[in-house]
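The values are calculated or read from the model by the stated rules, or taken from the named source; none is laboratory data. As the structure is a prediction and not an experimental result, all values here were calculated from the model. We place every Cβ from the backbone using ideal geometry, glycine too, and count neighbours over all the protein chains shown. Keep in mind that these areas ignore ligands, DNA and RNA; they rest on the heavy atoms of the full protein, side chains included. Shrake-Rupley method; radii C 1.70, N 1.55, O 1.52, S 1.80 Å.
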Amino acid sequence: MKAIYWLRLARGRLRGLLRRASVEREMEEELRFHVRMRAAENVRLGMTPEEAERAALRSFGSWARVKEACRDVKGGGVMETLWQDLKFGARTLRKNYGFTVVAVMTLALGIGANTAIFQLLDAVRLRTLPVKDPHELAEVYIADMSGTRGSFVYSHPTVTNPIWERVRERAEPFTGIFAWSADTFNLSTGGESRYAQALWVSGDFFNTLGVRPALGRVFTNEDDRRGCGAPGAVISHAFWQREFGGDPSVVGRKLSLDFHPVEIIGVTPPSFFGPEVGRSFDVAVPICSEATLEGANNRLDSGSDWWLVVMGRLKPGWTVGRAAGYFDSISPGIFEATLPPSYPPDSVKGYLASRLTAAPAGTGVSLLRETYESPLWLLLAIAGIVLLIACANLANLMLARASTREREMAVRLSLGASRARLIRQLLTESLMLAFAGAALGVLLAGALSQFLVSLLSTELNPLFVELNTDWRVLAFTAGLAALTCVLFGLTPAVRATRVAPSQAMKAGGRGMTSGRERFSLRRLLVVAQVALSLVLVVGALLFTRSLGKLLTLDPGLRQDGVVVTSLNLTQLKLPAERRLPFKRELLARIRAVPGVEAAAETWVVPLVGNSWGDAVWMDGAGPEQGKSANFNRVSEGYFKTLGIPLLAGRDFDEHDAPDAPKVAVVNESFAREVAGGANPVGLRLRVEATPTEPETVYEIVGLVKDARYRSLREDYQPGVFLSASQAPRQFEYDAVLIRSKGAASGVIGGVKNAVAGFDPQILMRFQTLKSRVENTLLRERLMATLSGLFGLLALVLACVGLYGIMSYGVAGRTNEIGIRMALGARGSDVRLMILRESLLLVVAGIAVGLPAALAAPRLVSTLLFGLSPSDPASMCLAALSLLVVALAAGYIPARRASRVDPMVALRYE
Amino acid sequence: MPKQDAKLLQGTLDMLILKALSLGPLHGFGVGQRIMQMSEDALRVEEGSLYPALYRIEQRGWIASEWGVSDNNQRARFYSLTRQGRKQLQVEEENWERLAAAVFKVMQAT
């Protein structure tokens, strides 16, 4: 009954709102009818027609009032007043054009920045994979990878193919299980390489994920059997469009993958980008085809190549927890069965103790997430603070506007408007501003998040993030808009309507100085703004200085002018014994190119994140004294190419042939920490057994200065260089570092010609070492760029806020200043007085902000390099920059104050 | 307590309108006329209160309206009692009788 009543009321009011015109017309017609009837009645009682009509009208009293009373009942009620508020608000905002533009732009910037970062977070962290029932997916992985040895393709936990094959046989908790690994394939057949992002997938990959082919078919378990050859490739929708122009007859055509022709059997739908968030795939091939595509180097039987990620779809009734328990219980059997025979004896125990477990995988696997999740949350917090500062600015503006509208409010209050009604109307205005800002912010966010993605993308690691504006992003933005509206609109609205009508009506309420109380709230806002800005400026300084330190750091080697040349010799099909002489000859040709100062082969390119570590000890000591050291295999000239000084002994030379005594060059840290401080040249060291090599003794022939190895961020560590020509295996890949006399790019053309002239089937790829090293600093660059931008924005906003309050203060104190000047104060005195006030506000803000900046989260310190989060220099610099802002913001109002003409000011009243 | 008086009057007007319509559909003018007739010219409903009251009662769902043709062949809006309105009239009549009896007793007391 009650509900029906409300429903009917709502319907009536909605009708009233939507069809206002027709309702009004009907009402009018009904009342006119009444008047006619009354007039007719009057005539019947003996009046003349004119008299009758007039009397009838008169009986209504005031025609307008009756209609108004009817309208009150009939009209839209809440909806109607909301509509009125919106219309009125729009009119007011249009009238205050400047204010509206500033407010909307500020909000758009603040909300846009927040939305952009949230959009990225949504894409990498919150959203599930675009596949069927992603919540049923679970990942099976080794809980603790510390017992494993060998080579790893991800920092994410992985398994070997033998382990995967055992897990597949015993996938009790799953309706389907699959494994995959990302890789790159060379698409070209000669000359410069062209790469495709590839996926090795097991037979059930697509079916378990529920991905149906858009064209052709996807793999089944039949395709993924040992000895399958190259049964075909499934390509992604994007690759199909890009490479084949969406040709519908693509199925059956051939692709060249690492020089092997492979038939295309199907195309995936456009929504599917692969199992890894942050990376898309072009081509997928069955795991079994590695034997064909990679030849003797394939990893199918290797127990020390960790490259597969395993996921499955849970059976109904199985939880992830139960599956984790199940895999833990079957682990001993699996690891015992797969223990590689060549495994180093010391590591066997660790291998056997490894345990499998399971975890939810509905959001996929993502290296991007692992690297960027916490920086993104931090950036979201920073952007949130920027928005707070913007809100403080707007609140200040609204307060200033509220005082100019005091009269308006007073008039409306005294005419009988209720206070709640006025607050509602003022809030409607704020709400309109907030939502206009949010709408613009969403547009801005689209461009901004694209920019962020491009900031993190590199040539070798193209970043793929699907940036959708989904319901989560929209809800986030709408929530922000509503929150900001309350933040900047509510207090001013409450305050604006608190005036006592009689007081505000009195001659504009102007006295000597303006109202103290309201003014102090505005000061408080400015102080808060300054404090928050200080925190952001400190953050910006910390991150930019951190990046600066990394960029100017002396890593012990000279990166400038060095070109990294990656050579692929697989197409030459050289027999193993021909490879070493071939590489020697190739290196000689490169060295002969004009402009090349030095060149050397290296297995590990330094500073770009690659590493190879083994335990090492001095001959005579035992393995228990073994220390972990960084290893590399290099040719002669390596130290010269990178400008690493040789301190004692010699570089490698042509005498260090495969059958000569095995030699090594070590660095200073090695001499200090492993060799016990003495000059180690002439001593012998032992390297532990690895899955591919037995324990070996090397004679130390040289000592070099320390240089950074894996990354700029790491300290010097013990390093051992072995001779490239004494390697037990010569690969068909080669990395050559070239030092050029001039700019690095200058020699690339010459080297390209020389290599092509030597053998046209060699594939090449060139990059400067500098650019590759800089690509390892993407996270630092992201933090520096964005926190710098936000810090700057915060400074500008603080400056505007400060300027606003100072000039408002000066305007309100014209009288006082006039009196002061009439009494003999000089212009400079007044200027100083105003500047002092501005400075006082900033100093108060700094006093509040510094402790806040010092309390920065621990997270910050993990993202910094060579700086502590409480770095005094950054703190001082930040405080100084805010003081400069205070002077800048205070200067114009101060000058205006000092130019007040006492006569004009006093006569003004 | 002038406010409560006003409320009482308004409630009374609503009841009178319901009563007037209980005998059959009427247009607004007719409602006023019928109340006047039934009260033997003692009660005159002001137009300024009649129409807001009609709209209010309509929104509560006690009466319904539609356009029709009046006796003198003019387009007019006719109101009629709904089932809910009939029930409401019963309730109000009972309340009124109780109130009237009580007031009567008070006024009779010496």
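Looking at the structure I just gave you, is B:Ala109 at the interface with chain A (Cβ under 9 Å from one of its Cβ atoms) and among the hydrophobic types (A, V, I, L, M, F, W, C)?
Criteria not met by B:Ala109.
Any residue at all in the stretch A:738-755 that is closer than 30 Å to A:Ala540 by Cβ and not small (Gly, Ala, Ser)?
no
Residue check, A:Ser771 against (1) touching a Gly at 6+ places or on another chain (Cβ under 6 Å); (2) free of Cβ contacts under 8 Å to residues at least 24 places away in the same chain, all met but one. Which one?
Here A:Ser771 meets the rest and fails (1).
Let's see how each residue does on (1) assigned to a strand (DSSP E or B); (2) within 30 Å of A:Arg684 (Cβ to Cβ); (3) not hydroxyl-bearing (Ser, Thr, Tyr):
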residue	(1), (2), (3)
A:Leu587	no, yes, yes
A:Ala598	yes, yes, yes
A:Glu601	yes, yes, yes
A:Val605	no, yes, yes
A:Val608	no, no, yes
A:Met618	yes, yes, yes
A:Glu624	no, yes, yes
A:Phe631	yes, yes, yes
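Quick one: A:Tyr326 ticks every box in (1) assigned to a helix (DSSP H, G or I); (2) open to solvent by less than 30 Å² (accessible area, probe 1.4 Å); (3) in contact (Cβ under 8 Å) with a residue 60 or more places away in the chain bar one, so which box is it?
For A:Tyr326, the failing item is (2).
Inspect the stretch A:630-644 for any residue being touching a residue at least 60 places away in the same chain (Cβ under 8 Å), exposed (fewer than 15 other Cβ atoms within 10 Å of the Cβ) and of a type outside the set (Ser, Thr, Tyr) and give the result as yes or no.
No; the residues of the stretch A:630-644 include none that is touching a residue at least 60 places away in the same chain (Cβ under 8 Å), exposed (fewer than 15 other Cβ atoms within 10 Å of the Cβ) and of a type outside the set (Ser, Thr, Tyr).
The rows are residues; the columns are (1) at pLDDT 75 or above; (2) over 17 Å from B:Gln59 (Cβ atoms).
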| position | (1), (2) |
| --- | --- |
| A:Arg32 | yes, yes |
| A:Ala56 | yes, yes |
| A:Trp63 | no, yes |
| A:Ala69 | no, no |
| A:Asp85 | yes, yes |
| A:Arg91 | yes, yes |
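Return a yes/no flag: does the stretch A:179-192 have any residue that is part of a loop (DSSP other than H, G, I, E, B), out of contact with any helix residue (DSSP H, G or I) (no Cβ under 6 Å at 6 or more places or on another chain) and buried (at least 21 other Cβ atoms within 10 Å of the Cβ).
Scanning the stretch A:179-192, I find no residue that is part of a loop (DSSP other than H, G, I, E, B), out of contact with any helix residue (DSSP H, G or I) (no Cβ under 6 Å at 6 or more places or on another chain) and buried (at least 21 other Cβ atoms within 10 Å of the Cβ), so the answer is no.
For the stretch A:206-241, name all the residues that are assigned to a helix (DSSP H, G or I) and touching a residue at least 40 places away in the same chain (Cβ under 8 Å).
Result: A:Phe206, A:Thr208, A:Leu209, A:Ala238, A:Phe239.
Tally the residues that are touching a helix residue (DSSP H, G or I) at 6+ places or on another chain (Cβ under 9 Å) and crowded, with 16+ Cβ neighbours inside 10 Å, restricting the search to the stretch A:598-623.
Adding up the residues that qualify gives 14.
Please report, ordered by residue number, the strands (runs of 3 or more DSSP E) entirely within the stretch A:635-720 with at least 2 residues that are touching a Gly at 6+ places or on another chain (Cβ under 7 Å).
Passing ranges, in order: A:646-649, A:663-667, A:696-704.
Report yes if some residue within the stretch A:657-666 is β-branched (Val, Ile, Thr), on the phi < 0 side of the Ramachandran plot and in contact (Cβ under 8 Å) with a residue 60 or more places away in the chain; otherwise report no.
For the stretch A:657-666, residues β-branched (Val, Ile, Thr), on the phi < 0 side of the Ramachandran plot and in contact (Cβ under 8 Å) with a residue 60 or more places away in the chain: present.
Being farther than 30 Å from A:Glu294 by Cβ and loosely packed, with under 15 Cβ neighbours inside 10 Å narrows it down to one residue among A:Pro581, A:Pro555, A:Pro575, A:Pro594; which is it?
A:Pro594
From the list B:Ser65, B:Ser70, which residue is facing chain A (nearest Cβ under 8 Å), open to solvent by less than 60 Å² (accessible area, probe 1.4 Å), under 20 Å from A:Glu29 (Cα atoms) and of a type outside the set (D, E, K, R)?
B:Ser70 is the lone residue from the list that is facing chain A (nearest Cβ under 8 Å), open to solvent by less than 60 Å² (accessible area, probe 1.4 Å), under 20 Å from A:Glu29 (Cα atoms) and of a type outside the set (D, E, K, R).
What do you reckon, is A:Ala445 open to solvent by less than 20 Å² (accessible area, probe 1.4 Å), part of a helix (DSSP H, G or I), within 30 Å of A:Ser271 (Cβ to Cβ) and among the aliphatic types (A, V, I, L, M)?
So A:Ala445 passes the test.
Given the options A:Pro851, A:Pro869, name the one that is crowded, with 19+ Cβ neighbours inside 10 Å and not hydroxyl-bearing (Ser, Thr, Tyr).
Of the residues listed, the single one that is crowded, with 19+ Cβ neighbours inside 10 Å and not hydroxyl-bearing (Ser, Thr, Tyr) is A:Pro869.
Among the residues of the stretch B:81-96, is any in contact (Cβ under 8 Å) with a residue 24 or more places away in the chain, surrounded by 12 or more Cβ atoms within 10 Å (Cβ to Cβ) and within 8 Å of chain A (Cβ to nearest Cβ)?
The answer is no, given that none of the residues of the stretch B:81-96 is in contact (Cβ under 8 Å) with a residue 24 or more places away in the chain, surrounded by 12 or more Cβ atoms within 10 Å (Cβ to Cβ) and within 8 Å of chain A (Cβ to nearest Cβ).
Can you tell me which residue within the stretch B:25-53, out of those that are of a type in the set (Gly, Ala, Ser) and closer than 22 Å to A:Glu26 by Cα, is most open to solvent (accessible area, probe 1.4 Å)?
The selected residue is B:Ser49.
Having 2 or more residues that are of a type in the set (Lys, Arg) and open to solvent by 50 Å² or more (accessible area, probe 1.4 Å) is the bar; report the helices (runs of 4 or more DSSP H) wholly within the stretch A:721-830 that clear it.
A:778-812
So which residues in the stretch A:359-409 are among the acidic types (Asp, Glu) and free of Cβ contacts under 8 Å to residues at least 40 places away in the same chain, if there are any at all?
A:Glu408
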